[in-house]
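Down below is the structure, laid out as structure tokens.
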Amino acid sequence: MSESATREIKKEILKSKLGMAGIVILATLIVMSVVAIVTIPVDTFKEWNNPSNWISYPKVASPAWINLFLSEKIPEHKILDKPAEYRDKTGDITVVSNQFGVDFEYDDFPNDFIYEFEAQYVGAPLLQISVIRPDEIKLHLMSMQLPNFESATIHGERIFSTDKMIRKNIQLQSTSFNFPLEKLSTEDIVFSQTDSNEPLKGRYVFVVNIYGNDLNVDVLKSKMIIGGKSFGALGTDEFRRDLAIGLLWGTPLALFIGITVSISSVILGLLYGVYAGYKGKSSDEIMMRFNDVIYALPALPFLIILSVTISNSIFLMIGFLMIFGWVGIAKVARSMSLQIKTRGYVEASEIMGQKSSKIILRHILPQLLPYAFASIAISVPAAITTEAGLSFLGLGDPSFPTWGQILHDASVYGATARGIWWWIIPPGMMIAITGLAFVFIGNAFDTIVNPKLKR
Amino acid sequence: MILVLMITLLLTIVLVGSNMDSILKQGVVFQVRSEIANNPSIAKSFSNVNEFESFIQEKIDARVKQLGLDEPWYTPQRIGITMYKIMILDFGNATFLSSDSGSSDVKEIILEKLPRTILLFTTSTIIISILGIFLGAMSGSKINSTIDRMTSSFAIVSSSFPVWWIGMLMIFVFAFTYHIFPARATPSILPSEPGYFFALMHHMALPLITIVMIGFGSWAYLVRNFMVGIMQEDFVTSQKIMGINKKNIIYKHALKNAAPPIITILALSLSGSLGGAIITEAVFDWPGMGRLYFEAITMMDLPVIVGSTYVLTVFFLISIFVADVLYGYFDPRMRVE
């Protein structure tokens, strides 16, 4: 019985275009979750709320691809962490040279540039930064003595373009430029044409040399950041977080929440309803009155109170959502089992003395399977949107970057007023698309449950 | 009905009870200390600090006992008193929040906010249901026509968008990109001024449009599904054969038969929208019950939380009850049971 029912369901879903679309979307989402879990290290996701993890990212940068639609290209944020490294030895002095080439093809100046390094050395080597511009002018930016160490030590530092020494060095080379430099910031000069203060396009090479008087200079980490106004596939938010990572991680979380809540509440509701309907009489009465009580509780206010007073952990939240999820299903399951109960074969097996648990599991539940699948599919979006809504109110689990959480941050930091559309639209779209996938699938099931709708 | 109300109340009190207790006790301590601080002669009459402190402690204990706070909040007696007070709508004073007129009486705050929520959500539900019934009846009678396909697909798509997200987008587009509607739904002028009504309407437009946009699709879809079922019934077919005008059949006969479930859904969605109001009002900053609830939660203003949960539950129950009664009225078959 159940096997043929499953086959029927499969056939029906494959037949409906919407159902197929739903399954395709769902499959894409699952692939996305797998990609997220495999490619993005769990650490990044745990560090979602840790600002120091995102320090080398730009603040409120738009997605990089919007340059395709703009006539004035806005500078893209670039993190250059694979320099060309050269070593040279003249006499006693070793030079470790790191060169960062960057193609700058934008119509605006970058926000800033930051050099970040970690080096192991003995003594006090000299660090020099200079830049070779597309017009062959070499600007000397900085020379500084690194702190002196007697034994091999790792020293790390960040050098910002706002550094006073860089400013001073550039002012000293003002002869290359035909306009006053006093009030301009460093990056506006370094990336400027010589005749007027407009961005100069072409290839820039930043050269970082470390001069040590021994062989003992090792550059362990070397990173050049050209701060831009656009970044990555989905941009960044107020906390410099890469929204693409947040969205990608939100997928498995949303699917997990939605599917766990819906499956468990449907199973709970089915068993409860079928049992009540099958038993009948006073136990049915009592169980249904209890059902009524929960049905009459206003769900959202209670969810809010629960998450405030007990805990906002995501796992407890799933439990709370379940409490309110099973009620409606139990009602329908009861009335359906009341009908099935009166059928001949159920009565026959009753007379044969089968246990009631066996009758319920073998004869009544399989009949309700299509309905169960339909309600699982239909209640997934509800669970996801409710969780997103709670997170949006700021009552979600802050340690998980769910889509609602991202939207909450967006609304707190006034993304609507500031026009940061890439902070608002993608998370909501993801919620909607996920919901849509399940609605499509549920719809396909619906035609099986209510054959009247088919015509 | 009453039982459900009581259980809801009990649950709310249980959930917030212990917090409420400690806040009340802190209030007493603060009260006693400020009374003594206002009266320097009491402090002068003590020679050392310990004696003075123990005097204060005694006073606090006496006050606590007088208010019945010495017993833990979960004793039946105290829960009974709290529930009785709530029943007679005595919610006490809010800890932090106050009404626009400056009162901190929870009852007054709620009475001030409630009409606004009812205004916004009743208006939108009415618009939604009219649009939905009309569209649903149209598409239900012409299955697979263009209008049917459009309604169905719009319903499916719109039902999976969260209202508050659409709200954010609407604010983004209509308030900040094109300055058509204000971003905050709270009117900037006082209720006593003459232009208040129009200001309120102007501020209400954006949330209203959003709610209607998201809501009517699924309504239409539901009505359509009922209609599809009814249009296949024998009496419709016989009317068709008798040559009765199709419009007449749809709106007079078929829709009347679809009425019971539609009315049930109407009543439920009215009360359901009150619960959903919390997020929607928070997004649009509409000064109603939902926002009050949200503010109360963020500030942990417990009397307000308890009061508004109670009021929300009462509304919810009333609408369930009304739905039941109406169902019986429109569908006589239900009355036999």
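Restricting attention to region A:395-420, the residues being open to solvent by less than 10 Å² (accessible area, probe 1.4 Å), in a loop (DSSP other than H, G, I, E, B) and more than 10 Å from chain B (Cβ to nearest Cβ) number 3.
Of all residues in region B:168-180, those satisfying the criterion of being touching a helix residue (DSSP H, G or I) at 6+ places or on another chain (Cβ under 8 Å) and either part of a helix (DSSP H, G or I) or touching a residue at least 24 places away in the same chain (Cβ under 8 Å) (or both) are B:Met168, B:Leu169, B:Met170, B:Ile171, B:Phe172, B:Phe174, B:Ala175, B:Phe176. Could you tell me whether A:Ser71 is touching a residue at least 60 places away in the same chain (Cβ under 8 Å), in the same structural domain as A:Arg203 (by TED's automatic domain parsing), more than 25 Å from A:Ser399 (Cα to Cα) and not aromatic (Phe, Trp, Tyr)? It is false that A:Ser71 is touching a residue at least 60 places away in the same chain (Cβ under 8 Å), in the same structural domain as A:Arg203 (by TED's automatic domain parsing), more than 25 Å from A:Ser399 (Cα to Cα) and not aromatic (Phe, Trp, Tyr). Being within 13 Å of the chain's Cα centre (by Cα), facing chain B (nearest Cβ under 8 Å) and small (Gly, Ala, Ser): is that true of A:Gly428 here? Judged against the criteria, A:Gly428 is a match. All conditions in (1) surrounded by 19 or more Cβ atoms within 10 Å (Cβ to Cβ); (2) touching a residue at least 24 places away in the same chain (Cβ under 8 Å) hold for B:Trp165, with the sole exception of (2).
Going by the structure shown, is A:Thr28 surrounded by fewer than 15 Cβ atoms within 10 Å (Cβ to Cβ) and at pLDDT 85 or above? It is true that A:Thr28 is surrounded by fewer than 15 Cβ atoms within 10 Å (Cβ to Cβ) and at pLDDT 85 or above. Residue check: is A:Gly442 of a type in the set (Gly, Ala, Ser) and under 23 Å from A:Met20 (Cα atoms)? Criteria met by A:Gly442. Counting only residues that are in contact with a Gly (Cβ under 7 Å, 6 or more places away or on another chain) and more than 15 Å from B:Ile279 (Cβ to Cβ), which one in region A:289-326 is nearest to the other protein chains (Cβ to nearest Cβ)? Step by step, filter region A:289-326, then rank; the result is A:Asn312.
Mind telling me which of the residues B:Ser145, B:Ser192, B:Ser188, B:Ser152 ends up being assigned by TED's automatic domain parsing to the domain that holds B:Thr280, buried (at least 18 other Cβ atoms within 10 Å of the Cβ) and at pLDDT below 85? Outline the logic, then answer.
Numbers: B:Ser145 fails: buried (at least 18 other Cβ atoms within 10 Å of the Cβ); B:Ser192 fails: buried (at least 18 other Cβ atoms within 10 Å of the Cβ); B:Ser188 fails: buried (at least 18 other Cβ atoms within 10 Å of the Cβ).
Exactly one of B:Ser145, B:Ser192, B:Ser188, B:Ser152 is assigned by TED's automatic domain parsing to the domain that holds B:Thr280, buried (at least 18 other Cβ atoms within 10 Å of the Cβ) and at pLDDT below 85, namely B:Ser152.
Looking at region B:223-323, the helices (runs of 4 or more DSSP H) lying wholly inside it that each contain 2 or more residues that are away from chain A (no Cβ under 13 Å) and either on the phi < 0 side of the Ramachandran plot or surrounded by 17 or more Cβ atoms within 10 Å (Cβ to Cβ) (or both) sit at B:234-242, B:255-284.
Being farther than 19 Å from A:Ile225 by Cα, under 41 Å from the mean Cα position of the chain (by Cα) and open to solvent by less than 20 Å² (accessible area, probe 1.4 Å), is that true of even one residue in region A:157-167? No, every residue in region A:157-167 fails to be farther than 19 Å from A:Ile225 by Cα, under 41 Å from the mean Cα position of the chain (by Cα) and open to solvent by less than 20 Å² (accessible area, probe 1.4 Å). Can you confirm whether B:Gly17 is part of a helix (DSSP H, G or I) and at pLDDT below 70? Yes; evaluated as a whole, the condition is true for this residue.
Taken over region A:380-394, the criterion of being open to solvent by less than 30 Å² (accessible area, probe 1.4 Å) and either out of contact with any Pro (no Cβ under 7 Å at 6 or more places or on another chain) or of a type in the set (A, V, I, L, M) (or both) is satisfied by A:Val380, A:Pro381, A:Ala383, A:Ile384, A:Glu387, A:Ala388, A:Leu390, A:Ser391, A:Phe392, A:Leu393.
The values are calculated or read from the model by the stated rules, or taken from the named source; none is laboratory data. Being a predicted model, the structure only gives us computed values, none of them experimental. Quick reminder, even Gly has a Cβ in these numbers, built from the backbone with ideal geometry, and neighbours come from all protein chains shown. Note: accessible area is taken over every heavy atom of the protein model, side chains too, but ligands, DNA and RNA are not part of it. Shrake-Rupley method; radii C 1.70, N 1.55, O 1.52, S 1.80 Å.
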